[in-house]
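Worksheet: the structure to be examined is printed underneath.
Here, each number is a calculation from the coordinates, and none is a lab measurement. This is a predicted model, so every value here is computed, not measured. We place every Cβ from the backbone using ideal geometry, glycine too, and count neighbours over all the protein chains shown.
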Amino acid sequence: MTALLRVNGLRIEGRRNTRAPYSEIVRGVSLQVDRGEVLALIGESGAGKSTIALASMGYAKPGCRFSGGEVMFDDLSVLDLSLEQKRAIRGVRISYVAQSAAASFNASLRLDDQITEVSLAHGFGTRAEAEERMVDLARRMQLPDPEHIVRKYPHQVSGGQLQRLMAVMAMNARPDLLVLDEPTTALDVTTQVEVLAAFKDTIRDSGAAAIYVTHDLAVVAQVADRIHVLLGGETVEEGTVEEILHNPQEPYTKRLMAAVRPPPKHCSGGAVAGNGAASDLVIDVRGVDAGYGKKIDGSPAVKILHDISIEIPRGSVVGVIGESGSGKSTLARVISGLLPPSAGEIRLDGEALPGDVKSRSRDQLRRIQIVMQMPDVAFNPLKTVGEALERPLEFYLQMDAERRRTRVAELLRMVELPPEFATRRPQALSGGQKQRVNLARALAAEPEVILCDEVTSALDTVVGAQIIDLLKKLQTETGVTFVFISHDLSTIASFADKVVVMYGGEVMEQGPTEEILTPPHHDYTQLLLNSVPEMRVGWLEEVRNA
Amino acid sequence: MLGMLILRRIALGLATLFIVSLIVFAGTEVLPGDVAAAVLGQGATPETLAAYRAEMNLDRPAYERYAEWFFGLFTGDLGNSLATQRPVADIIAPRLPKTLMLGGFAALFAVPLAVGLGLYAAMRPGSWFDRSLTTGSIAVVSAPEFLVATLLVLAFAVELRWLPAIARISTDAGFWEIVVALTMPVLTLTAAVLAPMMRMTRSAILNVLSQPSIEMAILKGVPRRTIILKHALPNAIAPIINVIAVNLAYIIGGVLVVETIFSYSGVAKLMVDGVASRDIPVVQACAMFFCAIYILFNLMADVVSILANPRLRHAK
Amino acid sequence: MTDTSLPAPPPKWQLPDLGLLGWMSVAILVFWTFVALFAPWLAPYEESTILTNQSFAPGEDGNQMLLGSDYLGRDVFSRLIYGARLTLGLALAATLLAFVFGVTLGFVAGILGGRTDDVMSRINDAFVSFPSIMLALILVSAFGSSLWLLVLTIGFIEATRVYRIARSLAQNIMVMDFVEVSRARGESLWWILKNDVMPNAFIPLSTDFGLRFTYSILLLSSLSFLGLGVQPPFSDWGSMVKENMAAMNYVLFYGIQVAAAPILPAVCIFSVTLANNLLVDWNLSRSQKDISGELID
């Protein structure tokens, strides 16, 4: 088989803004894609994977420039082509599917105009022919009512549909190579499966080759033939899917594999009943309604939570799972008092807790701490780590300066960071380090409950896994209760004692983890379980045939 | 839904105009305490003051006078000038077209030039052209209008003697006469409004060009011309219109200075003289004229933005 | 396996790389500050001393006037020096006033939100819907234009603009996660204002201060030029332009240097506003993002 695309010793430099200096972000990467083959580029943020994928089209992102190496597509040296020559192959011979279809479609133009434009801009047949291919592919992508959905504007169709329409656009001129840049990452798990399957079929049917960029190994296992692992702009290793998944050679790849949690179905086994008797509840949420906007007859204009009742046993880990819009983060805000409920009540250690932060006593506040999702914005950028950690010590525990300093060092040790971190500003820390400090700040209050709102979702897989390990360790050491909110069922299943499944602002079901994961399942739980991709070849087909 | 939004925006514009009229009236009538004393000077006896107040209706409660004045705005009854005793409407009427012509010419000249230059610079960010235009525009925007005007007068009226230093347009002026009289005033106004308008246009276009949908169009292999005209421009219309409306404030500010320097007998000159002599009815009428124009243009800009928004135009 | 490598400490403060234009701007501002502060020691004559009965006498060795005389026979050079004091002093006072009130009220509205914010912002919107010079004329015609009334008028007008920026800054900061954390901890609004909002709003507000100062100078100068600002016996640069405009008629007889009387004060204004604007622009353009090179030709 002849190589369709060959990349040799590719180097790319980038800069943050027009005044910043250039630095190398891709450092001599070589790879090859054969006809009809799907190569996955995987790596964590900053690995340079989408930058490399775009280089195959001769395109450097704004602020980036090529500084070495070559890209051969067929017999064309892509980097040496003129703009006009590059234009001539883009869209028709190599085409691109972006991560966010919502941002990548032009809001002012109708979808069909944008889809057929690929062919028409290159004189690839008539408009009627392009339209025919569009509708045909839309049908094969299982889009509802294909003739009509393409006549709409981007904001008029759903996210999952839009992502599929982006693939319809990319395929319109029958390209030889498809570049897919995290095409399902922005979607909810339950939507992701359908879209993934549609992509896989389309690639197979068209016989096109593809570069599939992703950070998700389970996704790769479904669609790719070969895997190319990247780290910091350099190649770690490359091999077939089987080789990389089952026999990784490099330590980094091994770590990457280890960080992937086994899918929840396989968790069943000797059931350990949730520790702590059911009667000993730290927090008892009873019939809570909450939402935003003006209140009309005591009920908010936009109601997010409907009649939520959740029991949180002392010393346990309670996992709250749901997709975007399920109200799980709102729940955390309600418990923490940031958003007072419009109905129902919350009990802390059996006593009714005022709904609003302002009406809670300082001791009540101390007993519940919240850790937010985005480590980058969780800290006042103008204060040092030490100052951030000292404040709760001063505020809740009235420690003097001396004791605060000792305690900060202890807290940092608890989250496995050296005490020198106290003098650093948070923005100098890596994402994982910030999230550790974030936990330390919650621990500083010596709370009974820590609410963790998607604390790993902004982190890379390996780092996220380390944070989960840390949470487990802290739970054993301190006996603090964790409410762990996440969209990732595998993570929750791996360490929660109890699971709460939320959908559309309501609790679908809740119970000990074993019970939830053992059939018979609630319908929605079943859907969630089926949607978590497994890191093995053939899973996607099994799910679809089931 | 679209119609409702536009109607609501128009209602808001009318409400703003109403509030502005309240402020204009309050600012010029209620607060100064004793208009009569201000007009008649220190030599006035209590009797003449009282007689004057009665004549000018100043002895009636403020809200009554406001209501009368407010409805007068619509019927054209703007009261009498304190200085000349002539009806304000008669004084303003012949001046209106002059000011509108001056501002109109300046806008006709400056807007296409500013938008064109801004567009051209935005397409070449960091280039020699872009950098000199950016730095140059900072210089122009920093110069007070009267510096520009004085230098123009010095060059074209005093030294070269090509143009008159005073812009006078007779009632039966021909086209050429108008052009000669208005060249320097229009140039001064253009200088005042060109730089900010150009800079804002540039950044509005740059903002559109850095959106992912434009990157997608590049990666689809769409020709550059089509990218600009079909993909970028529709999304840039609303921000550009907004830029133009915002910058009208500079034209209004500039007109005050320009009409004064060139002794151009428009509404702005009338207002400046009115403020100096505390001729309250004149100031009120002129202020309402300028504010109404300003609010009207902002209203139009918002309506265009609503119309240009595909999310609103094509409801789900 | 935890990444515990200690990140670099925050860099020490160093001189910013302003470039040639930037440093020249700083030099100009320092120069005018010096002139304004030490005007009585720098000026050869009192600002109101009439030295000759000739209007627009050229500056020759005989009359000891570097830049000649103005329409009343006063020394233009000395009056420029005193004009710096009045122009910059009044504009600075007005800008400070605008910031004290604009920022305080803007923060209050942005932090409290709800009904308070609605009412305050609607009232402010009414004033913002005037072009600023129009508002200035209305206020001047109502109150007159003594020096402190001018400061109040310009300060008030700019405050309505500062309010908007301060309010939106406060609103943006208030919804940041770190403020949510502070609120969840139970911190008082005052503590949040002092520790979270104010320090983080400082840098954007300082850029805006530069802009407002420029606008204040231009607004004051325009008012003075229209004869509605600083009144005799005081004079700022704007009123010097106005009172000496007649010099344009003398250019034919005495030569171009006569035009110095009206033009130099305008050039002085220009030098300050230009220096200010260049620094503001440098500050704003520091983090400009690249756009795709393929759109550039």
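Using a Gaussian network model of chain B whose springs link C-alpha atoms within less than 10 Å, name the residue from B:Ile166, B:Ile237, B:Ile23 with the highest mean-square fluctuation.
It is B:Ile23.
Around A:Arg174, under 10 Å between beta carbons, what's the net of Lys plus Arg minus Asp minus Glu among the other residues? Write down the numbers at each step before the final one.
Details: positive: A:Arg93, A:Arg133; negative: A:Asp176.
For residues surrounding A:Arg174, the net value is +1.
Which net charge results when you count Lys and Arg as +1 and Asp and Glu as -1 among the other residues whose beta-carbon is under 9 Å from that of A:Pro512? Please report the intermediate quantities before stating the final value.
Values: positive: A:Lys498; negative: A:Asp497, A:Glu514, A:Glu515.
That sum, taken over residues with Cβ under 9 Å, equals -2.
Each residue of region A:343-354 in order: what ³J(HN,Hα) in whole Hz does its phi give by Karplus 6.51 cos²θ - 1.76 cosθ + 1.60, θ = phi - 60°, with x for Gly and Pro?
8, x, 9, 10, 10, 10, 6, x, 9, 5, 9, x
Report, as an integer, the average count of C-beta atoms from other chains found within 10 Å of each Cβ along B:147-155. Walk me through the numbers before you get to the answer.
Working: counts 12, 2, 4, 11, 4, 0, 5, 7, 0.
Mean partner-chain Cβ count within 10 Å for B:147-155: 5.
Near the amide H of A:Gly325, under 5 Å away, which other amide H atoms are found, from residues 5 or more places off or on another chain, if H is placed in the peptide plane?
Hits under the 5 Å cutoff: none.
What longest region of chain A stays clear of trypsin sites (Lys or Arg not before Pro) that DSSP places outside H, G, I, E and B and that have at most 13 other Cβ atoms within 10 Å?
Details: sites that count: A:Arg16, A:Arg19, A:Arg151.
In chain A, the maximal stretch lacking such sites is A:152-546.
What lysines does B:Lys98 reach when the alpha-carbon gap must be under 28 Å and sequence neighbours fewer than 8 apart in one chain are set aside?
B:Lys269, C:Lys242
All other residues with a Cβ under 11 Å from the Cβ of A:Val213 taken together, and with Lys, Arg as +1 and Asp, Glu as -1, what is their net charge? Could the numbers behind the result be given before it?
Numbers: positive: A:Lys49; negative: A:Asp181, A:Glu182, A:Asp216.
Overall, the nearby charge balance is -2.
Looking at the protein assembly as shown, send over the antiparallel percent of its DSSP beta bridges, to the nearest 5. Walk me through the numbers before you get to the answer.
On the way: 52 of 89 bridges.
Close to 60 percent.
With chain C treated as a Gaussian network of Cα nodes joined by springs under 10 Å, which of C:Asn124, C:Asn244, C:Asn195 yields the largest mean-square fluctuation?
C:Asn195
For A:Leu451, enumerate residues with amide H under 5 Å from its amide H, sequence gap 5+ or separate chain, H modeled in the peptide plane.
Long-range HN contacts for A:Leu451: A:Gln369, A:Ile370, A:Val371, A:Val483.
Leaving out same-chain residues fewer than 8 places away, which lysines sit with a Cα under 18 Å from that of A:Lys86?
Partners found: A:Lys61, B:Lys220.
Once you keep just the Cα pairs under 8 angstrom separated by 6 or more residues, what percentage relative contact order results for chain A? Working shown, then result.
On the way: 1081 pairs, mean separation 81.4, N = 546.
The value is 15 percent.
Compute a Gaussian network model of chain B, connecting alpha carbons closer than 10 Å, and tell me which residue from B:Asp172, B:Asp302, B:Asp273 fluctuates the most.
Comparing B:Asp172, B:Asp302, B:Asp273 in the GNM, the peak value goes to B:Asp172.
Given the pairs A:Lys383/A:Lys434; A:Lys303/A:Lys434; A:Lys152/B:Lys230; A:Lys49/A:Lys383; A:Lys152/A:Lys303, which span a C-alpha to C-alpha distance of over 24 angstrom in this model? Before the final figure, lay out the partial values.
Working: A:Lys383/A:Lys434 13 Å; A:Lys303/A:Lys434 33 Å; A:Lys152/B:Lys230 17 Å; A:Lys49/A:Lys383 34 Å; A:Lys152/A:Lys303 30 Å.
Listed pairs above 24 Å: A:Lys303/A:Lys434; A:Lys49/A:Lys383; A:Lys152/A:Lys303.
Give me B:Phe175, C:Phe234, A:Phe379, C:Phe34 ranked fewest to most by other Cβ atoms within 10 Å of their Cβ, as a rough exposure proxy. List each step's numbers first, then the result.
Working: B:Phe175 7, C:Phe234 18, A:Phe379 25, C:Phe34 12.
Ordered by Cβ neighbours within 10 Å, fewest first: B:Phe175, C:Phe34, C:Phe234, A:Phe379.
For A:Val97, what residues show an amide H to amide H distance below 5 Å, using hydrogens built from the backbone and excluding near sequence neighbours?
Amide H neighbours of A:Val97: A:Val179, A:Leu180, A:Asp181.
Quick one: angle between helix C:114-128 and the longest Cα principal axis of chain C, in degrees between 0 and 90, rounded to 10, please.
With rounding to tens, the tilt is 20 degrees.
Of all DSSP beta bridges in chain A, what percent run antiparallel (nearest 5)? Spell out each step's value before the answer.
Details: 49 of 86 bridges.
Counting only bridges with both partners in chain A, antiparallel ones make up about 55 percent.
Which whole-Hz couplings ³J(HN,Hα) result when phi for each residue of region A:172-184 is put into the Karplus expression 6.51 cos²θ - 1.76 cosθ + 1.60, θ = phi - 60°, listed in order with x for Gly and Pro?
4, 9, 6, x, 8, 9, 10, 10, 10, 9, 6, x, 10
Can you work out ³J(HN,Hα) from phi for every residue in region A:285-299, in order, using Karplus 6.51 cos²θ - 1.76 cosθ + 1.60 and θ = phi - 60°, giving whole Hz and x for Gly and Pro?
Residue by residue, region A:285-299 yields 8, 10, x, 7, 10, 7, x, 10, x, 4, 8, 10, 6, x, 10 Hz.
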